[in-house]
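Note sheet for the following structure.
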Amino acid sequence: MKDVMSRFTSHMEIALDEARAAASRGEVPVGAAVIAPDGQVVARAGNRTRELNDPTAHAEILALRAACAAAGSERLPGYDLYVTLEPCPMCAAALANARIARIYYGAADPKSGGIAQGPRIFAHPQCHHRPEVYDGINAAEAERLLKDFFQKKR
């Protein structure tokens with residue numbers, strides 16, 4: 001375990017950069033990055049639901065689509081996802097279907113989360129894949145981005 005942790009590199013700053021870019025476009029500031037087993041960033045995205053007029057254009061979904069296209073597969077075993085906000089139920093189900101190995105997220109989402117909150121997608125018996133989940137990664141910065149964004153909207 002120590003050897004694995006000594007090689008661990010957080011890619012949350014990439015996801016935070018994507019969240020900042022989303023906010024600058026008027027989107028809810030959520031960003032995501034997909035990391036290949038070799039540590040390379042294969043996809044990154046921020047929310048684009050308003051821009052694309054697509055309720056499924058969450059950062060996680062857009063990053064998954066790009067990573068799957070790059071891998072030439074609908075499944076990404078061994079890949080990791082970094083996301084600034086706890087994935088919603090839709091995104092959690094998509095991550096399970098893609099067979100993502102690990103999810104690292106920043107801020108908890110008591111209102112719309114689908115992993116530690118609400119429906120807890122990975123705890124369902126119908127969920128055929130349960131990735132490892134690590135929360136609280138750069139949570140303060142992710143929360144600040146969200147609070148600042150919504151405060152400006154009021």
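The values are calculated or read from the model by the stated rules, or taken from the named source; none is laboratory data. What you see is a predicted model; the values in this text were computed from it and never measured. Note that we place each Cβ from the backbone using ideal geometry, even for glycine, and neighbour counts take in every protein chain shown. Quick note on the areas: whole protein, heavy atoms, side chains included, nothing else; ligands and nucleic acids left out. Shrake-Rupley method; radii C 1.70, N 1.55, O 1.52, S 1.80 Å.
Observations, loosely collected:
- Scanning the range 49-75 for residues that are more than 15 Å from Ala21 (Cβ to Cβ) and of a type in the set (S, T, N, Q) yields Asn53, Thr56, Ser73.
- Cβ pairs under 6 Å, 6+ apart, first in the range 56-84 and of a type in the set (Val, Ile, Thr), second in a loop (DSSP other than H, G, I, E, B) and surrounded by 20 or more Cβ atoms within 10 Å (Cβ to Cβ): Thr84/Val30
- Residue match in the range 17-30 (condition: in a helix (DSSP H, G or I), open to solvent by less than 50 Å² (accessible area, probe 1.4 Å), in contact (Cβ under 8 Å) with a residue 40 or more places away in the chain and in contact with a Leu (Cβ under 6 Å, 6 or more places away or on another chain)): yes
- Extreme residue, farthest from the chain's Cα centre (by Cα), among residues of the range 31-58 that are in a loop (DSSP other than H, G, I, E, B) and within 19 Å of Lys152 (Cα to Cα): Arg48
- Of all the listed residues (Gly113, Gly118, Gly136), the sole one being under 15 Å from the mean Cα position of the chain (by Cα), small (Gly, Ala, Ser), surrounded by 14 or more Cβ atoms within 10 Å (Cβ to Cβ) and farther than 21 Å from Arg25 by Cα is Gly113.
- Residues located in the range 76-99, provided they are part of a loop (DSSP other than H, G, I, E, B), in contact with a helix residue (DSSP H, G or I) (Cβ under 8 Å, 6 or more places away or on another chain) and either over 20 Å from Glu18 (Cα atoms) or small (Gly, Ala, Ser) (or both): Leu76, Ala98
- Output for the range 107-154, where each listed residue is part of a strand (DSSP E or B) and either of a type in the set (A, V, I, L, M) or farther than 13 Å from Ala96 by Cβ (or both): Ala107, Val133, Tyr134
- Glu51 meets the conditions (1) farther than 15 Å from Asp80 by Cβ; (2) acidic (Asp, Glu); (3) free of Cβ contacts under 8 Å to residues at least 24 places away in the same chain in every case but one. The failed one is (3).
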